[in-house]
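A short worksheet on the structure shown next.
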Amino acid sequence: MVQGISTLASNDLQQLVAGIKYWDEIYGSQASINVYEPKVKQDSNDLSASWIQIGSVPKVGKGVGIGAGSCVYPSFSGDSFARFHISWDNEELKKNCIDHNCPGFVQVSRSVGLGGRVHPISVYNGPQYVIDVLIFKDPKTKNWWLAYSSNNTPIGYWPSSQFSSMKDKCNFAFWGGYVQGPTASSDPPQIGSGHFASEGFGKVAFVRNIQAIEDENNKLVTPSIRSAHPRADNPKLYTYDDYGLNDDGMHVYYGGPGKYS
């Protein structure tokens, strides 16, 4: 199990990632996530997600995290559409929670539904679409907030009181794609468009405009490149490419076919 992403999930779940891992003090993050509908076998109980996550991960043992993004998860949603999901680690229940399947997230928005279909989606060698996700900490209440779209529409918040190690800040972030489930590494689904990252824009999933909140003032800045570590757990299945910085923040391409056929 890769530390930092769904770290309280059952140990029998497999996981592979392709994207950027970030190790430094962080109070939130914002990114634009390119949306595809990766192929996931209906009967596999696996998922494939394009994701933003922050968390608190110790040097030894399991950590906790909160995240959001576009996810294809047939055994959960009943279909193969890309849907907007959130997840977090419930320390009391010792499980990873999705949307409203266990207590811990307070929704305030009536316009954005958790688990709602993301549409339109990107087309290989065609139009490209993104969703904008922001996670930040309210300096007064200490709660962790989630906002969606370019207008940063507040969706809801995770009360900080439920986290033992995330009351003040986090030390880990992830931006990119990952697969998880009982067969996610032995019979892995696609990530992103299902194509390797070297194919570039218009053909491969990306996350761009990655910014970090480094203090309680909630100012978004470009993440420290010294703290960022692009990686692909299994380059035969998934890769990353064109990792770098520009005026809009950090960016990376990622994806691959897995073993989907």
inquiry  = Residue pairs, Cβ under 9 Å, 6 or more apart or interchain, first in segment 95-113 and in a strand (DSSP E or B), second among the hydroxyl-bearing types (Ser, Thr, Tyr) and surrounded by 15 or more Cβ atoms within 10 Å (Cβ to Cβ). List them.
reply    = Asn96/Ser6; Asn96/Thr7; Asn96/Ser87; Cys97/Ser87; Ile98/Tyr73; Ile98/Ser87; Val106/Tyr157; Gln107/Tyr157
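Look through segment 55-75, keep the residues that are part of a strand (DSSP E or B) and of a type in the set (A, V, I, L, M, F, W, C), and return whichever of them is farthest from Leu146 (Cα to Cα). Spell out the reasoning first.
First, pick out the residues of segment 55-75 that are part of a strand (DSSP E or B): 55-56, 64-72.
The next check asks that each one be of a type in the set (A, V, I, L, M, F, W, C); those that pass are 64, 66, 68, 71-72.
Working: Val64: 16, Ile66: 10, Ala68: 8, Cys71: 16, Val72: 20 Å.
Among them, the one singled out is Val72.
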key: Selection status of Phe174, at pLDDT 95 or above, of a type in the set (A, V, I, L, M, F, W, C), buried (at least 18 other Cβ atoms within 10 Å of the Cβ) and over 23 Å from Val64 (Cα atoms)   = no
remark   = Of the residues in segment 123-139, those that are polar (S, T, N, Q) and either at pLDDT below 95 or touching a strand residue (DSSP E or B) at 6+ places or on another chain (Cβ under 7 Å) (or both) come to Gln128
inquiry  = Looking only at segment 76-94, filter to residues that are free of Cβ contacts under 8 Å to residues at least 40 places away in the same chain and not in a loop (DSSP other than H, G, I, E, B); which one of those is nearest to Lys21 (Cα to Cα)?
reply    = His85
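Out of the residues in segment 47-97 meeting the condition of being among the charged types (D, E, K, R) and at pLDDT below 90, tell me which one is farthest from Val179 (Cα to Cα). First the steps, then the outcome.
First, the residues of segment 47-97 that are among the charged types (D, E, K, R): 59, 62, 79, 83, 89, 91-92, 94-95.
Then drop every residue that is not at pLDDT below 90, which leaves 59, 62, 89, 91-92, 94-95.
On the way: Lys59: 23, Lys62: 19, Asp89: 17, Glu91: 22, Glu92: 25, Lys94: 21, Lys95: 18 Å.
Applying the filter and picking the extreme gives Glu92.
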key: Contacts under 7 angstrom Cβ, first residue in segment 23-35 being touching a residue at least 24 places away in the same chain (Cβ under 8 Å), partner among the small types (Gly, Ala, Ser) and surrounded by fewer than 24 Cβ atoms within 10 Å (Cβ to Cβ), 6 or more apart   = Trp23/Ser227; Asp24/Ser224; Asp24/Ser227; Asn34/Ser122; Val35/Ser122
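For segment 25-54, which positions are on the phi > 0 side of the Ramachandran plot and either in a strand (DSSP E or B) or buried (at least 24 other Cβ atoms within 10 Å of the Cβ) (or both)?
Here is the first cut: in segment 25-54, the ones on the phi > 0 side of the Ramachandran plot are 28, 45.
Hit for segment 25-54 is Gly28, nothing else.
Of all residues being of a type in the set (A, V, I, L, M, F, W, C) and in contact with a helix residue (DSSP H, G or I) (Cβ under 8 Å, 6 or more places away or on another chain) in segment 13-52, which is nearest to Asn218 (Cα to Cα)? Just the residue, please. Show your work before the answer.
Taking segment 13-52 and keeping what is of a type in the set (A, V, I, L, M, F, W, C), we get 13, 16-18, 20, 23, 26, 31, 33, 35, 40, 47, 49, 51-52.
From the residues that got through so far, the ones that are in contact with a helix residue (DSSP H, G or I) (Cβ under 8 Å, 6 or more places away or on another chain) too are 18, 23, 40, 47.
Numbers: Ala18: 27, Trp23: 18, Val40: 37, Leu47: 32 Å.
Looking at the filtered set, the residue picked out is Trp23.
Would you check if Trp145 is assigned to a strand (DSSP E or B), closer than 26 Å to Pro38 by Cα and at pLDDT 95 or above? Spell out the reasoning first.
Numbers: assigned to a strand (DSSP E or B): yes; closer than 26 Å to Pro38 by Cα: no; at pLDDT 95 or above: yes.
Against the criterion (assigned to a strand (DSSP E or B), closer than 26 Å to Pro38 by Cα and at pLDDT 95 or above), Trp145 does not qualify.
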task = Answer yes or no: is there a residue in segment 149-167 that is assigned to a strand (DSSP E or B), over 20 Å from Pro38 (Cβ atoms), modelled with pLDDT under 95 and of a type in the set (Ser, Thr, Tyr).
result = yes
query = Within the set of pairs 6+ apart or on separate chains, which have a first residue in segment 40-51 that is within 11 Å of Phe81 (Cα to Cα), a second that is buried (at least 18 other Cβ atoms within 10 Å of the Cβ) and among the charged types (D, E, K, R), and C-beta atoms under 6 Å apart?
reply = Val40/Asp46
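Select from segment 205-253 the residues that are under 20 Å from Phe136 (Cα atoms) and either in contact with a helix residue (DSSP H, G or I) (Cβ under 7 Å, 6 or more places away or on another chain) or of a type in the set (Lys, Arg) (or both) and write down the one among them that is surrounded by the fewest Cβ atoms within 10 Å (Cβ to Cβ). If you could, list the steps in order and put the result at the bottom.
Residues of segment 205-253 that are under 20 Å from Phe136 (Cα atoms), as a first pass: 207-224, 227-228, 248-251.
Right, trim to either in contact with a helix residue (DSSP H, G or I) (Cβ under 7 Å, 6 or more places away or on another chain) or of a type in the set (Lys, Arg) (or both) and you get 208, 219.
On the way: Arg208: 19, Lys219: 11.
Per the criteria, the residue is Lys219.
Go over the candidates Lys95, Lys62, Lys41, Lys21 one by one and state the one that is among the basic types (Lys, Arg) and in contact with a His (Cβ under 9 Å, 6 or more places away or on another chain). First the steps, then the outcome.
Working: Lys95 fails: in contact with a His (Cβ under 9 Å, 6 or more places away or on another chain); Lys62 fails: in contact with a His (Cβ under 9 Å, 6 or more places away or on another chain); Lys41 fails: in contact with a His (Cβ under 9 Å, 6 or more places away or on another chain).
Only one candidate qualifies: Lys21.
Mind checking whether some residue in segment 157-165 is touching a Pro at 6+ places or on another chain (Cβ under 9 Å) and either of a type in the set (Lys, Arg) or in contact (Cβ under 8 Å) with a residue 12 or more places away in the chain (or both)? Quick ask: steps written out before the conclusion?
Our first condition is that a residue be touching a Pro at 6+ places or on another chain (Cβ under 9 Å); within segment 157-165, this holds for 162, 165.
After this cut, where a residue has to be either of a type in the set (Lys, Arg) or in contact (Cβ under 8 Å) with a residue 12 or more places away in the chain (or both) as well, the list is 162, 165.
Within segment 157-165, one or more residues are touching a Pro at 6+ places or on another chain (Cβ under 9 Å) and either of a type in the set (Lys, Arg) or in contact (Cβ under 8 Å) with a residue 12 or more places away in the chain (or both).
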ask   = Taking the condition over 21 Å from Trp23 (Cβ atoms) and β-branched (Val, Ile, Thr), does Val207 pass?
value = no
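The values are calculated or read from the model by the stated rules, or taken from the named source; none is laboratory data. No experiment lies behind these values; they were computed from the predicted model shown. Positions of Cβ are backbone-derived with ideal geometry, glycine not excepted, and every protein chain shown enters the neighbour counts.
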